[in-house]
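Q: The structure under discussion is supplied below as structure tokens; questions concerning it will follow.
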Amino acid sequence: MKKIIIQPSGKEIACPSGETVLSVLEKQGYALPNNCRAGACGECKIKVLSGEFDQGFIMDMALSQEDRDLGYGLMCMAKPISDVLEIEFGTADAQPKLFPPIENSWHIVTDKIQRTPNLIELKLSPLGQSIKYWPGQYAMIGDEASGHPLRPYSIANPPRSDGELSFIITKEPNGKTSPWIHDEVNIGDNIKINGPYGTFLGDPSVDTPILCLASGSGLAPILSLLNAYLSRGNKNPVTLLFSAKTKADLLHHGKLKYLESRYVNFKYKYTLTQESNKDGGLEGRIDKVLPLLIPELSNYSVYIAGGVSFVGSCKNIVRELGAKDELVHMEEYFAQQV
Ligand code: FES
């Protein structure tokens with residue numbers, strides 16, 4: 001098997017034939033910045049110190065001739081040809097590198113969709129430089145000048161080459177920002193956002209089954225992580241259990257059913273907490289239904305996102321079922337009180 005050597009650490013990684021350098025690095029837990037995964041954005045540019053690689057088809061604008069002459073390549077499309085490919089990347093313990101947040105990044109509202117009685121999905125496209133982020137991160141939205149404080153909202157889609165961001169926003173009756181977004185922000189408006197922030201990130205090096213627990217707009221970061229994970233061809237089993245009060249509160253139900261039919265390793269379940277499930281599915285809170293669904297979690301990575309009490313009760317039940325603290329990731333949403 002071919003191998004990749006990372007310098008200056010000298011770490012060696014086996015590279016199965018046909019795999020790109022980016023996907024091999026990610027599977028080993030190295031967070032090489034990337035955006036389009038298609039040779040168009042130039043984010044994954046790395047210097048190749050020795051060895052041969054097939055660069056595949058990439059856009060001229062993503063890698064200049066000067067960079068090519070200096071030995072740089074785009075790792076999202078690069079496949080090693082020689083037995084050893086030596087690249088320059090980070091340090092011995094290259095950790096996921098967080099992108100520096102951008103402040104006051106102008107975006108235009110391209111869509112606003114009522115998803116459930118209490119939730120809208122807001123889609124934004126960048127008017128300037130797009131925000132680079134990892135699936136699971138969030139951005140701050142608000143307009144302080146008009147009395148609408150910046151509030152964190154998770155990004156609901158994995159990074160796209162056009163920079164589009166999607167957010168799922170719960171209307172908090174006592175808040176100032178979410179009612180403004182629901183009632184006053186319109187398609188075609190320009191708004192400023194700050195981001196990315198947060199460390200609710202998927203670890204690509206983890207080789208375990210995955211359980212995601214979400215309620216309400218907590219589905220947003222989970223959707224971003226799920227889509228990124230599944231579209232990269234990861235084969236570990238992934239189960240999403242979504243908690244909704246009623247069937248009308250099921251969020252992205254069709255999209256999740258689609259993902260379930262497309263990826264054999266993905267199972268989508270939902271439970272209704274305030275009405276009976278006429279489809280014969282699950283009913284009741286997650287702490288009641290999860291033990292029936294997956295009674296043993298000691299080898300699972302668990303991602304939990306939702307309101308504070310939801311996350312608290314999920315944390316307790318997954319611990320009772322044997323989940324290891326270091327493999328449990330949580331994103332709690334606090335209701336906006338001002
Ligand atoms: S990720 Fe965009 S060029 Fe590689």
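Q: Restricting attention to the stretch 53-91, which residues are within 15 Å of Ile4 (Cα to Cα) and surrounded by fewer than 14 Cβ atoms within 10 Å (Cβ to Cβ)?
A: Asp54, Ile81, Ser82, Asp83, Glu88, Thr91
Q: How many residues does the stretch 51-78 contain that are away from the ligand (no atom under 13 Å from the Cβ) and in contact with a Ser or Thr (Cβ under 8 Å, 6 or more places away or on another chain)?
A: Selection size over the stretch 51-78: 3.
Q: With Gly312, Gly280, Gly322 as the choices, which residue is open to solvent by 10 Å² or more (accessible area, probe 1.4 Å), over 24 Å from Pro152 (Cβ atoms) and without any contact (Cβ under 8 Å) to a residue 24 or more places away in the chain?
A: Gly280
Q: Same structure again: Quick check on this structure: which one of Ser82, Ser9 is modelled with pLDDT under 95, more than 16 Å from the ligand (Cβ to nearest atom) and not charged (D, E, K, R)?
A: Exactly one residue qualifies, and that residue is Ser9.
Q: Select from the stretch 131-144 the residues that are open to solvent by 20 Å² or more (accessible area, probe 1.4 Å) and touching a residue at least 60 places away in the same chain (Cβ under 8 Å) and list them in ascending order.
A: Answer for the stretch 131-144, where residues must be open to solvent by 20 Å² or more (accessible area, probe 1.4 Å) and touching a residue at least 60 places away in the same chain (Cβ under 8 Å): Lys132, Trp134, Tyr138.
Q: Do you know which residues across the stretch 288-306 are under 25 Å from the mean Cα position of the chain (by Cα) and open to solvent by 30 Å² or more (accessible area, probe 1.4 Å)?
A: Correct list: Leu293, Ser298, Asn299, Tyr300.
Q: Then there's this: If only one of Pro179, Pro159, Pro126, Pro152 is closer than 19 Å to Met330 by Cα and surrounded by 15 or more Cβ atoms within 10 Å (Cβ to Cβ), which one is it?
A: That would be Pro152, the only listed residue that is closer than 19 Å to Met330 by Cα and surrounded by 15 or more Cβ atoms within 10 Å (Cβ to Cβ).
Yes/no per residue for (1) touching a strand residue (DSSP E or B) at 6+ places or on another chain (Cβ under 9 Å); (2) modelled with pLDDT of 95 or more; (3) open to solvent by less than 30 Å² (accessible area, probe 1.4 Å):
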site	(1), (2), (3)
Ile169	yes, yes, yes
Pro173	no, no, no
Asn186	yes, yes, no
Gly195	yes, no, yes
Pro204	no, no, no
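Q: Out of the strands (runs of 3 or more DSSP E) lying entirely within the stretch 252-338, which hold 1 or more residues that are of a type in the set (Asp, Glu)?
A: Once the strands (runs of 3 or more DSSP E) in the stretch 252-338 are filtered for at least 1 residues that are of a type in the set (Asp, Glu), what remains is 328-333.
Q: Would you pick out the residues in the stretch 33-72 that are modelled with pLDDT of 95 or more and acidic (Asp, Glu)?
A: Glu52, Asp54
Q: Ok, one more. Checking Gly147 against (1) open to solvent by 10 Å² or more (accessible area, probe 1.4 Å); (2) in contact with a Leu (Cβ under 9 Å, 6 or more places away or on another chain); (3) at positive phi, which test does it fail?
A: (2)
Q: If I filter the stretch 54-71 for residues that are part of a strand (DSSP E or B) and of a type in the set (Ser, Thr, Tyr), do I get at least one hit?
A: No, there is no match, as no residue in the stretch 54-71 is part of a strand (DSSP E or B) and of a type in the set (Ser, Thr, Tyr).
Q: Something else: Which ones in the stretch 283-298 are of a type in the set (Asp, Glu) and touching a residue at least 24 places away in the same chain (Cβ under 8 Å)?
A: Asp287, Glu296
Q: Right, something else. When residues of the stretch 27-52 are filtered for being open to solvent by 50 Å² or more (accessible area, probe 1.4 Å), over 19 Å from Asp67 (Cβ atoms) and not in a helix (DSSP H, G or I), how many remain?
A: 1
Q: If you don't mind, there's one more thing I want to ask. Please state which of the following conditions Val24 fails to meet, knowing it meets all the rest: (1) at pLDDT 85 or above; (2) within 12 Å of the ligand (Cβ to nearest atom); (3) part of a helix (DSSP H, G or I).
A: Going through the list (1) at pLDDT 85 or above; (2) within 12 Å of the ligand (Cβ to nearest atom); (3) part of a helix (DSSP H, G or I), Val24 breaks only (2).
Q: Return the pair list, or none, for Cβ contacts closer than 6 Å from residues in the stretch 41-62 that are free of Cβ contacts under 8 Å to residues at least 40 places away in the same chain to residues that are open to solvent by 60 Å² or more (accessible area, probe 1.4 Å) and more than 7 Å from the ligand (Cβ to nearest atom), at least 6 apart or on different chains.
A: Once the first residue is free of Cβ contacts under 8 Å to residues at least 40 places away in the same chain and sits in the stretch 41-62, its partners that are open to solvent by 60 Å² or more (accessible area, probe 1.4 Å) and more than 7 Å from the ligand (Cβ to nearest atom) give Lys45/Tyr72; Glu52/Ile81; Phe53/Ile81; Asp54/Lys79; Asp54/Ile81.
Here is a yes/no grid of residues against (1) without any contact (Cβ under 8 Å) to a residue 60 or more places away in the chain; (2) open to solvent by 10 Å² or more (accessible area, probe 1.4 Å); (3) in contact with a Leu (Cβ under 9 Å, 6 or more places away or on another chain):
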{"position": "Ile210", "(1), (2), (3)": "no, yes, yes"}
{"position": "Ser217", "(1), (2), (3)": "no, yes, yes"}
{"position": "Leu226", "(1), (2), (3)": "yes, no, yes"}
{"position": "Arg232", "(1), (2), (3)": "no, yes, no"}
{"position": "Thr246", "(1), (2), (3)": "yes, yes, yes"}
{"position": "Asp249", "(1), (2), (3)": "no, yes, yes"}
{"position": "Lys255", "(1), (2), (3)": "yes, yes, yes"}
{"position": "Leu272", "(1), (2), (3)": "yes, no, yes"}
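The values are calculated or read from the model by the stated rules, or taken from the named source; none is laboratory data. If you're wondering where the values come from, they're calculated on a predicted model, not measured in any experiment. With ideal geometry, Cβ positions are generated from the backbone for all residues, glycine too; neighbour counts draw on all protein chains shown. Side chains included, ligands, DNA and RNA excluded: accessible areas come from the protein's heavy atoms. Shrake-Rupley method; radii C 1.70, N 1.55, O 1.52, S 1.80 Å.
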